[in-house]
1. Determine which lysines satisfy two conditions relative to K386: a Cα distance under 25 Å, and not lying fewer than 8 residues away in the same chain.
2. Just the number, please: Stokes-Einstein D of the chain in µm²/s, Kirkwood Rh from C-alpha pairs, 4 °C, 1.567 mPa s.
3. Keeping every protein chain in place, order I459, I570 by accessible area at 1.4 Å, biggest value first, i.e. largest first.
4. Can you give me the three principal axis dimensions of segment 498-628 from its C-alpha atoms, in Å, biggest first?
5. Contact order normalised by length for the chain, with contacts defined as Cα pairs under 8 Å and 6 or more residues apart; what percent is it?
6. With every protein chain left in place, what is the accessible area per residue of the chain in square angstrom, probe 1.4 Å?
7. Across segment 267-276, in residue order, what do the Karplus-derived ³J(HN,Hα) couplings come to in whole Hz, using 6.51 cos²θ - 1.76 cosθ + 1.60 with θ = phi - 60° and x for Gly and Pro?
8. All other residues with a Cβ under 14 Å from the Cβ of Y614 taken together, and with Lys, Arg as +1 and Asp, Glu as -1, what is their net charge?
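The values are calculated or read from the model by the stated rules, or taken from the named source; none is laboratory data. Please read all numbers here as calculations on a predicted model, not as lab measurements. So basically every Cβ, Gly included, is an ideal-geometry build from the backbone, and we count neighbours across all protein chains shown. Side chains are part of the model used for accessible areas, which takes the heavy atoms of the whole protein and leaves out ligands, DNA and RNA. Shrake-Rupley method; radii C 1.70, N 1.55, O 1.52, S 1.80 Å.
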Amino acid sequence: MHYALDLRTFLFSHYFYTGLRVATGVIGLTVLILSCTDLPTAMTVCIGALCASVMDLPSPLRHKFTEMLTSVLLCSTVTLIISLCARNYWLLGLMLIVVTFLASMMVVYGRKTMPLQFSVLLAMTLSMANGLAASHAFFHSALFLTGGLVYLAYAMAVSWFLRRRTKQQVLAEALFALARYIRIKADFYDTRVSSNDHFNLLVRQQIELADRQEAARDLILRGHQNELDAVLLQVHSGTLDMYELILSTCTDYAVLRQHFADADVLISLGGLVRKIARDIESIAFALTRNRASVANSGYDGELQAIRAVLQLLEQKNCRYAHSEAVIALRASYNKARAAIDMMGQLHLATQTMVRPLAAFAGADMTVFLTRQKYGPRLLVSNLHWKSPVFRFALRVAMAVAVGLMVTQQLSYASHGYWILLTIIIILKPSFSMTKRRRGDRLIGTVVGCVVTAVILHFIHQPIALFGFLFVATVAVPAFVYIKYRYTAIAASMQILLQFSLLLPSSTHLINERLIDTAAGVAIASLFSFVLPSWEYRALPQLIRNVLRQNQRYIEASRGLLQAEVADDFIYRLCRKRIMDCLAELGAALVRMLDEPVSKHRSVEDINQFIARNYLVVAHVAAIRLLLRSHPEGLPEASVDVERACDRVRDTLAQALQSLERPAPPIEQPEMVTDPRHTCALSEKETWPARRLLQRHIGLLQADAADIAVRSVTIDRILRLHD
């Protein structure tokens with residue numbers, strides 16, 4: 001369950017704050033204008049503010065201003081154009097199609113433009129029934145612009161006062177996602193859980209975690225000038241280190257489950273990891289409440305139980321004490337202790353004012369941030385038949401054209417735009433997103449209509465109805481990104497309560513709302529199969545991206561493990577990029593699984609490809625932690641680490657070349673047989689941690705070889721079905 005769906009966390013989340021801010025701004029401005037003028041003027045200003053509020057999202061202040069101002073200007077321009085054309089049916093239809101196509105093409109600039117696309121289409125649909133003369137159309141658009149600008153000023157003022165609070169909330173969301181990720185990893189110690197199925201769940205959560213970490217980076221790494229911001233920077237950096245530490249535990253599960261399947265030690269390990277997850281949640285709770293966090297989880301019981309098992313094994317059988325299973329158990333114990341120590345540092349980071357971390361001092365942090373160029377060249381370059389965005393824009397434009405024709409056949413015309421609004425809400429760039437929105441919209445509308453009917457049957461006082469309207473207005477933006485079904489319920493209540501307050505004598509509104517929604521859902525469902533962009537077409541490029549970033553990550557890891565660089569700045573950057581690429585590929589796979597079965601391609605191979613890349617990162621993290629814990633062995637391990645990194649890098653490079661230029665199948669390289677590795681098995685080993693290092697190196701090379709073979713297999717399957 002999403003953390004914000006819990007009442008105790010929802011009320012302190014940025015989702016609730018956003019909903020409260022939007023409802024207060026839009027309804028407050030409407031009431032203020034209504035007290036000074038007539039209802040049509042107030043409603044026009046309200047619609048301008050409502051369209052501007054779509055872009056009122058957590059974002060750096062400078063970016064937020066630019067995004068919201070762009071939205072206000074575009075929406076006002078569209079409102080003017082549609083209002084001028086509304087008297088001529090054919091001209092209106094043409095402009096609706098053109099505006100829909102152009103607005104949908106804006107999605108080419110990334111996810112942040114999707115709210116902008118919706119705000120433009122929302123302004124378009126709400127203006128199509130105006131039918132005003134030219135002079136009145138300009139006046140109407142001026143009122144719309146005024147509402148948007150006033151809301152912009154209000155939103156910027158509130159966001160400025162709450163700027164640090166927003167950073168805390170977004171960082172807390174990343175911590176909640178990390179805690180959920182760790183809870184999933186704790187279940188790997190339960191032998192009743194299927195490792196493969198649970199690993200798929202883990203990868204899905206890693207996608208969510210990558211998104212939350214990206215949002216936190218974009219806010220926290222921009223403008224950290226004072227000590228309060230430095231605290232958040234330190235907490236954010238600590239969570240990334242904790243993530244890498246927990247990630248390294250992936251390398252131990254198989255051995256532990258094989259040798260300790262019926263032992264209580266796995267229960268102790270699982271309980272220990274779950275306590276770490278609870279501790280991280282306590283830090284997130286503290287951040288959302290603007291408080292310092294204090295450790296409240298006792299780890300001594302689990303640690304003593306694991307330590308007792310290790311001592312017993314070492315005393316009982318000296319040779320067994322050096323087996324792979326005991327080595328893995330000891331490594332897991334050491335990682336758990338390191339995680340507990342890191343938890344103490346994270347708690348301390350919320351209590352202490354510190355300076356920015358040395359690794360980031362004076363560094364160019366923009367390389368960690370999400371950047372998007374908005375030049376016209378990208379838009380023009382996607383005006384071709386193979387572009388997924390171009391096909392999406394055509395799909396939405398055709399659906400709107402059909403929806404407009406259906407609207408003209410209705411016996412009621414005052415709110416025929418409901419059909420078009422349903423279409424633009426449901427139709428999304430991917431079939432998967434459209435499928436989810438379709439079900440949520442239909443169910444949410446039915447529930448919202450039933451709830452509103454009950455409210456209107458028993459409650460007739462305007463002040464009480466206004467209270468329900470305010471709650472619904474808060475819920476619409478609050479749940480849009482975490483549970484859209486709740487947004488659909490609230491949106492239906494909002495529309496119907498508004499009509500009941502403005503036009504108490506209106507009847508049949510609920511029936512008409514249901515009919516319009518059903519018609520819009522049917523049209524959107526039909527057009528979701530028109531000019532589709534199936535996910536398998538994007539897989540080759542995503543796989544190449546993963547291979548390239550993994551090469552760079554291995555190269556950066558080699559420099560760090562060999563102590564050839566002064567800090568881990570480049571390593572952190574490469575780690576971010578490979579995890580982002582894996583998250584993109586994983587998200588594409590998840591979306592593909594929501595598509596018709598006939599459009600699935602090489603699902604198991606892609607699953608394993610993601611898993612092996614994930615394990616490569618985990619093994620590198622484990623080697624890094626091992627060398628950090630045993631720095632005395634670095635000179636002795638240097639040759640092994642360098643050779644392993646070179647072999648992995650070359651294997652990935654060979655795989656990438658095979659994808660870019662068809663080549664014979666890649667054969668799995670032989671495991672390392674250097675005499676040094678043979679000596680590692682003797683009892684006279686000079687460096688006790690060498691055995692564990694060799695295990696990680698061997699598995700690292702094997703995983704890289706598996707990545708290479710699977711990438712070629714996937715490529716051939718995709719070429720066969722293309």
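1. Partners within reach: K112, K373, K428, K435, K599.
2. Approximately 46 µm²/s, per Stokes-Einstein.
3. Correct descending sequence by accessible area is I570, I459.
4. So the extents along the principal axes, rounded to whole Å, are 78, 40, 21.
5. The value is 14 percent.
6. Heavy-atom accessible area per residue stands at 44 Å².
7. With the stated coefficients, segment 267-276 comes to 5, 5, 5, x, x, 5, 5, 5, 5, 4 Hz.
8. 0
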